[in-house]
């Protein structure tokens, strides 16, 4: 278990601009307004050297360092930056959790169980991790221990100790201050009043007394739970880790010795990744429904492309083609990526392909259709490829729903014996119409600025409003529609409807004419 | 020019290849679409039905209306299935059509394109042949320029056929199909009528329904002979009073 924590958290771009302006690093701080006026929220290395500290008021800091550069803090952007960093850290472990307990104490937790040997052992791993972060312009301390609590304590207060050996958390923590237990400030003050400065001071105390003393009014909150925190740090009590996103069950990974800066390089490694992923999937009889290709950039960010599949597939060639269709150019490689991961976040069992009764042709055509839909969706977008499905409504615009197309089946429509247009306007278009009798078909109408004389008309087909669907957005009740199939003097056929009945519905509104579709 | 061969017998519908269908005027687009769909409709005689595909730009769908499956003139409205692909521009539309045809997964495809160049149409023709599918390019305006399409049609709306039971109502739809270019013979012009039972476009001047139409015409003429204009609601009103 590793906790990585930033001594200061700031938006990297701001820091960069401050540092690039001069050879000598400029003291820099983020400020926020709290009960005591403007205070420093985070400081960089140069500011720390000058003796500035988090929580100091801006006026005091300015007095100590007149050339301090301050920028208002943006907590939302900070949270986003931490999230991005967590995704990047998935390069080292599939289970990465955010530890955003409050301003200035943000960090990441990585579950490295059984994984450090891949990076050459624990010390080498920590060194590599810190070096990578430093390269990306992030000050960080990495620590490793059996439990989350112990690693957290070592990362912030450990000094030179960064690794607690297996089973050695008790000794490693003994000399650390009680703040390292992730306690409420009130609890820390109380402990110090009792003269309990170090964690080791708590070991010989009777647990019952400690628990009773630090129950307090806020015991239910994170507050004064000294015994719980102590148990968590020593590994007696389990602490769940909630990863930023669930680790994908199927993934293939490729690490590069030198960063790749060109798309062509990614394309070169992609076939091997696809093959490795497909092997894992096939072994379990699964197929990918969603594919993610993630590139881990050297500057502590990730870049990824995603593709959806309409039917589960574990064929390397198909997976490969989908990603290419999606466009590898969409990957923002920046200064280069040093690792590439292809994962299937969503996988489903593949249906056994039966080639029997209705012949091989049906199976191959279904597979071809699934492949086609996937390629179209990958290139054009998820909602670009649709198929109509019948829905239980008489209103024309509600009688058909549009779903994402799938090779597994199409909506079956009952034959409609009434005239229905080939193209439907949604929403309907307003027309000016003149009818000879209030309730009859129109004699003339103007649509898109062209006046048309009606020669023949059929109707009305009356469709009552769906009063049970009264929406709060439109305060007026929906009105009855009378549909007419109309032919004008040039032989074009239209579908018009009059909304509202004269004198019977909604007295203060006159009925309106709309054009809803065109016939062949 | 000698009389053109009867329609559609002279032009078997399940011909696999590329055709171009243009609306004579922008308002004839619905008729042109209905004609194009029948030109590419999946083969009903074979037990297996592949879905059909319609490709159009999003702007086209907004401006000219979106497909309405219940009014879609397919041989059977439920069979085969329909996939609608909404694209951003013409380049994507051509790509989507070519992919669909090549894949062999669709039986027929129609794409609304404005001005594909010769190379694009040639690629589409090859793709259609490779996938064993029929394709039609639907054009809003008359087709100019070179094209690799096997046939090029120009479709205009006509006044519908008389309806036997209601003289004031529009009957089966009619259209004028002009074959402007073809590679395998002479051009020609046909008047076609929608046959709702067989769900095909058939020659309006021949066929089994001709007798029924004649009866409808006689009925209309008879009413007009009585001094009652069937299209005049006022005279109809007086008739009801009388």
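Here, each number is a calculation from the coordinates, and none is a lab measurement. It should be emphasised that the depicted structure is a prediction, and the values quoted were computed from it without experimental measurement. Cβ placement follows ideal geometry from the backbone for every residue including glycine, while neighbour counts extend to all protein chains displayed.
By the count of neighbouring beta-carbon atoms within 10 Å, fewest first, A:516, A:117 end up ordered A:117, A:516.
The share of C-alpha pairs in chain A whose separation exceeds 36 Å stands at 57 percent.
Against chain A, whose longest principal axis comes from its Cα atoms, helix A:75-89 is set at around 80 degrees.
Using alpha carbons only, how many degrees (0 to 90, rounded to 10) separate the axis of helix A:122-135 from the longest principal axis of chain A? Tilt relative to chain A: about 60 degrees. Shielding of peptide A:413-426 by partners, expressed as the average count of other chain Cβ atoms within 10 Å per residue Cβ, is 6. Take each residue in B:159-165, count the other chain C-beta atoms within 10 Å of its C-beta, and the mean is 3.
What is the range A:378-491 by shape, rounded, prolate or oblate, if you read a ≥ b ≥ c off the alpha carbon gyration tensor as root eigenvalues and call it rounded for a/c under 1.5, prolate for a/b larger than b/c, and oblate otherwise?
Prolate, since a/c reaches 1.5 and a/b exceeds b/c.
Determine the shape class of the range B:50-134: with a ≥ b ≥ c the square roots of the Cα gyration tensor eigenvalues, call it rounded for a/c under 1.5, and otherwise prolate if a/b is greater than b/c, oblate otherwise. Taking the square roots of the gyration eigenvalues as a ≥ b ≥ c, the range B:50-134 is oblate.
Using 14 Å as the cut-off for backbone N distance, which residues of the range A:138-158 belong to the label zone defined by a point 7 Å from the Cα of residue A:118 along Cα→Cβ? Output list for this probe position: empty. Against the longest principal axis of chain A, how steep is helix A:148-157, in degrees 0 to 90 to the nearest 10, with axes from Cα atoms? The helix A:148-157 is inclined about 60 degrees to chain A. Which of the three applies to the range A:311-428, rounded, prolate or oblate, going by the alpha-carbon gyration tensor with a ≥ b ≥ c and a/c under 1.5 meaning rounded? Here the range A:311-428 falls in the oblate category.
Report, for chain A, the % of DSSP beta bridges that are antiparallel, rounded to 5.
Approximately 95 percent, going by the DSSP bridge assignments.
Show that you can apply the helix-only estimate: for chain A, add -39,500 (n - 2.57) for every DSSP H stretch of four or more residues, divide by all residues, and state [θ] at 222 nm to the nearest 500. Helix-only estimate at 222 nm: -8500 deg cm²/dmol.
Using only alpha-carbon positions in the range A:41-84, the gyration tensor eigenvalues give semi-axes of 23, 11, 8 Å once each is multiplied by 5 and square-rooted (largest first).
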